[in-house]
1. Taking 0.36 nm per residue of sequence separation and subtracting the Cα-Cα distance, how much length would be gained by fully extending the chain between ALA5 and THR125, in nm to one decimal?
2. Along Cα→Cβ, 7 Å out, is where each label goes; now give me the distance between the ones at ASN78 and SER145 in nm to one decimal.
3. When only C-alpha pairs under 8 Å and at least 6 residues apart count, what is the relative contact order of the chain, in percent?
4. With +1 assigned to the C-beta of every Lys and Arg and -1 to the C-beta of every Asp and Glu, and no other charges, what is the dipole magnitude of the chain about the Cα centre in debye, to the nearest 20?
5. Does the chain come out rounded, prolate or oblate, given a ≥ b ≥ c as the square roots of the eigenvalues of its C-alpha gyration tensor, rounded meaning a/c under 1.5 and, failing that, prolate meaning a/b above b/c?
6. Please give the length that would be gained between ASP223 and GLN185 if that part of the chain were fully extended, namely 0.36 nm times their separation in residues minus their C-alpha to C-alpha distance (nm, one decimal).
7. Calculate, in nm to one decimal, what GLU106 and SER212 gain on full extension: separation in residues at 0.36 nm each, minus their alpha carbon distance.
8. Round to a whole angstrom and tell me the spacing of the C-alpha centers of region 115-139 and region 258-289.
Amino acid sequence: MLDTAASRDYDLLRNQAACLPWLNHSRLVVQGDDRVKFLNSYCTNDLTQLKPGQGCEAFIPNSQGKVLGFVHIYCETNRLLLETASGQAAPLIAHLDRYVLRSKVELIDETLATQTWLLAGPESTAILQRGTTSSLPIDAIGSGSIDWHGHRLWVASTRLLTVPAWLLSCAPEHAASLQTTLDAQQVPTADARAFESLRIESGTAFYGIDISTDNLPQELGIDAQAISFRKGCYLGQETIARIDAMGHVNWHWTGFRFASPTCPPCGIELSANEKPVAKITSVAWSPCLQSWLGVGYVRRGFHKPGTEL
């Protein structure tokens, strides 16, 4: 269960606003004249329709259609910026670099070139608007540069949580000054455990924790926002299209509520009729529901809401 301080931070994130250093991320840049055509051939979403300031979610599959990465792709004037999980920039660059060949493309790990905060909560948008005359991104996933209380920030909207959530990035040398401004604007810094509780309530999966190369994209249940079935050929498309034609996968990403008063361990398997049918990948205490919640995968046939395992 959360202690008093973490419970307070959870309430702030859920009902007001708070920020926290965004450490669980990597940043990968794809630039060059062929950037859109190239990356479009190795991810599940259609990038050809994106305009600067817009973005989308996408899986990066291997040739068997399994998930090598899950990314938020932000379209900028001269580059594509990929936000993904911690430690993922180097493996994704190594994967994509194999296919560059004669394409006019450059892949850059920009993770350490900026420092990033997550600002989240129902009041987070108003906090940003009060400090700038610039327009904020209007799409569910979008980005842009703004001047905020004298700081030049890269700002991105994201679907990480069920409450509004923003990524704020600046150069590392300006990080201390930006933190001072956040404090001066009375934006509390939240405990990471409070964010984790809200993440689990939101059903958000993190690559490397909840998603791996064992998974197929459709298992996550976000086809409408992360997979285009109309775009041209891309690596792994054959498997993904076949699953779409079949109409189902064998495993489904879902949430679990535990009756136990003690924290169930991550990785635990749940059973039905003495057979394992589910695996939990992340667990957190929900102050809202006053119970332990988990997220993970359950076998088809056992994924109906209310099923007891």
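1. Gain in length upon complete extension: 40.8 nm.
2. Here the answer is 1.0 nm between the modelled labels.
3. Relative contact order of the chain: 21 percent.
4. Rounded to the nearest 20 debye, it is 640 debye.
5. In terms of gyration-tensor shape, oblate.
6. The ASP223-GLN185 span can extend by a further 9.8 nm.
7. Length gained between GLU106 and SER212: 35.6 nm.
8. 35
The values are calculated or read from the model by the stated rules, or taken from the named source; none is laboratory data. All values reported here derive from a predicted model rather than from experimental measurement. Every residue, glycine among them, receives a Cβ derived from its backbone with ideal geometry; neighbour counts consider all protein chains shown. Note: accessible area is taken over every heavy atom of the protein model, side chains too, but ligands, DNA and RNA are not part of it. Shrake-Rupley method; radii C 1.70, N 1.55, O 1.52, S 1.80 Å.
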